[in-house]
Amino acid sequence: MNTPDISTLRNFRLSHDSAGLAWLEIDCPGTSVNRLSSEVLGELMSVLDHLDTHPPAGLVIQSAKKSGFVAGADIDEFDALDHEKQVHELVSRGWHAFERLSRVSYPTLALIHGHCLGGGLELALACRYRLAVADADTTFALPEVMLGIFPGWGGMKRLPALIGAPAALDMMLTGRSVDAHKAQRLGLVDANVPSRIKLRAAAQHVRSGKPPRRAHGLGRLLNTRLLRPLVQRQTLKKIAARDRYQHYLAPRAILEIWAHHNGNALLAPELLREISGSDTARNLIRVFRLQERLKSFGKPGEHAEEVRHVHVVGAGVMGGDIAAWCAYKGLKVTLQDQDRERIAQAQGRAQILFLHRLKDSRSRRAAFDRLIPDPQGQGVSHADLVIEAITEDLEAKQALYARLEPRMKPQAVLASNTSSLSLQALASCLKEPQRLVGIHFFNPVAKMPLVEIVESEVLLPRSRATALAFVGKLGKLPLPVKDAPGFLVNAVLAPYMLEAMHCVDEGLAPETIDEAMKVFGMPMGPLELADTVGLDIAHAAGRQLTGSLDLPKCLEAHLAKRELGRKTGRGFYTWKNGKAVKKEPGTPSAGLAQRLIEPLVQRTRAQLEAGVVADADLADAGVIFGTGYAPFSGGPLHQEQHRTPQVNPI
């Protein structure tokens, strides 16, 4: 047999050490992340051909990228496929490459730092051993379901065998990631190692001769061929509860392929054809790209100042939760409010957030220590960013700015979390109006991914860049918008929610109205959403956008009783433990969903034409990530243009 020539490899570097170990480093050129394109998979096969001729004592696969191991398959390559045969070939290429890797005669180990996603995790699963670099923010996920597709390169076969059916199905059906510590608890990795000894640990482990990990106990039992159909039936019930109207096909396909084809999608060509050719998959891939575009706005630019200390004024639900999220993300936060009780309540909510989000008591204590009560506002003079989150009242905000501005550092940025007021009007009292920016979070802060960055005509590039980078640092999606009534999201939501409230005035039950939109594809109906946003916010946005005092009578009635929705425990619904208490919905009438959605689509188009956002893609992105608009549709403007057939307008 001739030794394959590997001197022309573009994506890999292969070397050998004195102990006979082979070290394979992935380093895709021209990009900050590794992605498994057809070229990369082809080169991997060439490497395996080469190693077949002179088997090493062991093979360690690692990444040369600082960002992580492998970010998954090449989505652009998948999206460009327009023929059933091409899709089959792509899945077959990855499946057979990783099957071959899993069967080589020498031990193999994946040394993983940073992100290990999708095809990257499937590559790691094909190795005998896996080590995670614990101090490198290492995470693992099979997020294909979020793109409307499934992990077709062996993940559906190997992950359940490694960690058991329940844990594996949870990862595959939700796309959720696990960190290095949880990965070790699950048995996904053999061990966590610090970066300073990772190479030595990898060399020792790959030569250890230890048997490869396998699931045990009930998790292993539930992955047997006999019990898989039972697990499938029980899991389908849970999926049906979340996706009652079957807008998303991929979770059901994953269950079918795992239960009846041992995770091999090539044995289910009809499902492969249905999923890969669906509008849902194309639209979810579009949404993924929109998300990546928003993320790119949050990368530190040349004008951005690093924010280490944030001062938040206003410890109400929004201000307190913004402060808590900043502390959770590692920033020093001083929280100011003249009412000490509100600060205490904000600290209580923060403690719950940290308990749910942080795994160990030391991390939770550190986050809580970063959130500093500051009733007198002493943090103003030290903060890099001051966020005002008080009541939606122009004069009150201006009076506050007059007190804050003289005490702020010269380079500090002043931000307002206003949801409806004009930035130009707010800045009119400032000596330096060019450093006021809108940083508009949505309620609940911990769950809503979008943050609007509101720009006035005089905003300094430095202030804009600092605000964008700050939001990116918080792990949120920043959307640049121009100063206009309601900006984008509230401008779009207001007519949608008001139309739903007019339906209440006409005698329709809130549950029936919300059900119509859930059939349409919304994760939440407009009245439950109004309760979540806050009926006071909906009222302010509606009044400003319509210029009318004649708002829905039901809204005025709730406000008169100070029933503001979720934050007060009562609105269109009674709220208990953060959830709306609902009666059984009636059957929505024909055309109700279209009646409700039409004002939203019209307003989205109007905001685009007014230049509030730069283009239609950003308009769709803002509405999807800011309102929860059905992701499978690709967004309101995209849906209107393409008339997506999956949508069922009642």
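The values are calculated or read from the model by the stated rules, or taken from the named source; none is laboratory data. This structure is a prediction, so every number in the text was calculated from the model and none was measured. All Cβ positions, even for glycine, are placed from backbone atoms using ideal geometry, and neighbour counts span all protein chains on display.
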Since Leu266 meets every condition but one in (1) in the same structural domain as Gln232 (by TED's automatic domain parsing); (2) crowded, with 22+ Cβ neighbours inside 10 Å; (3) of a type outside the set (Phe, Trp, Tyr); (4) over 24 Å from the mean Cα position of the chain (by Cα), which condition does it not meet?
(2)
Looking only at the stretch 358-377, and only at residues there that are touching a residue at least 40 places away in the same chain (Cβ under 8 Å) and touching a helix residue (DSSP H, G or I) at 6+ places or on another chain (Cβ under 9 Å), the one that is surrounded by the fewest Cβ atoms within 10 Å (Cβ to Cβ)
Lys359
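Let's see how each residue does on (1) assigned to a strand (DSSP E or B); (2) surrounded by fewer than 17 Cβ atoms within 10 Å (Cβ to Cβ):
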{"site": "Ile275", "(1), (2)": "no, no"}
{"site": "Lys295", "(1), (2)": "no, yes"}
{"site": "Glu302", "(1), (2)": "no, yes"}
{"site": "Val312", "(1), (2)": "yes, no"}
List the helices (runs of 4 or more DSSP H) inside the stretch 38-124, counting only whole elements, that have at least 1 residues being surrounded by 15 or more Cβ atoms within 10 Å (Cβ to Cβ) and touching a strand residue (DSSP E or B) at 6+ places or on another chain (Cβ under 8 Å).
38-53, 84-102
Out of everything in the stretch 559-583 that is closer than 17 Å to Pro523 by Cβ and without any contact (Cβ under 8 Å) to a residue 24 or more places away in the chain, what residue ends up being surrounded by the fewest Cβ atoms within 10 Å (Cβ to Cβ)?
Gly578
For the subset of the stretch 607-650 comprising residues that are closer than 14 Å to Val489 by Cβ and small (Gly, Ala, Ser), which member is modelled with the lowest pLDDT?
Gly628
In this structure, is Val386 assigned to a strand (DSSP E or B) and either within 28 Å of the chain's Cα centre (by Cα) or not assigned by TED's automatic domain parsing to the domain that holds His539 (or both)?
yes
For the stretch 192-248, name all the residues that are touching an Asp or Glu at 6+ places or on another chain (Cβ under 7 Å) and part of a helix (DSSP H, G or I).
Ser195, His205
If you check every pair at least six apart or on different chains, which have Cβ atoms under 7 Å apart with a residue in the stretch 14-25 that is under 19 Å from Asp52 (Cβ atoms) first and a residue that is small (Gly, Ala, Ser) second?
Leu14/Ala22; His16/Ala22; Gly20/Ala57; Leu21/Ala57; Leu21/Gly58; Leu21/Ala203; Trp23/Ser15
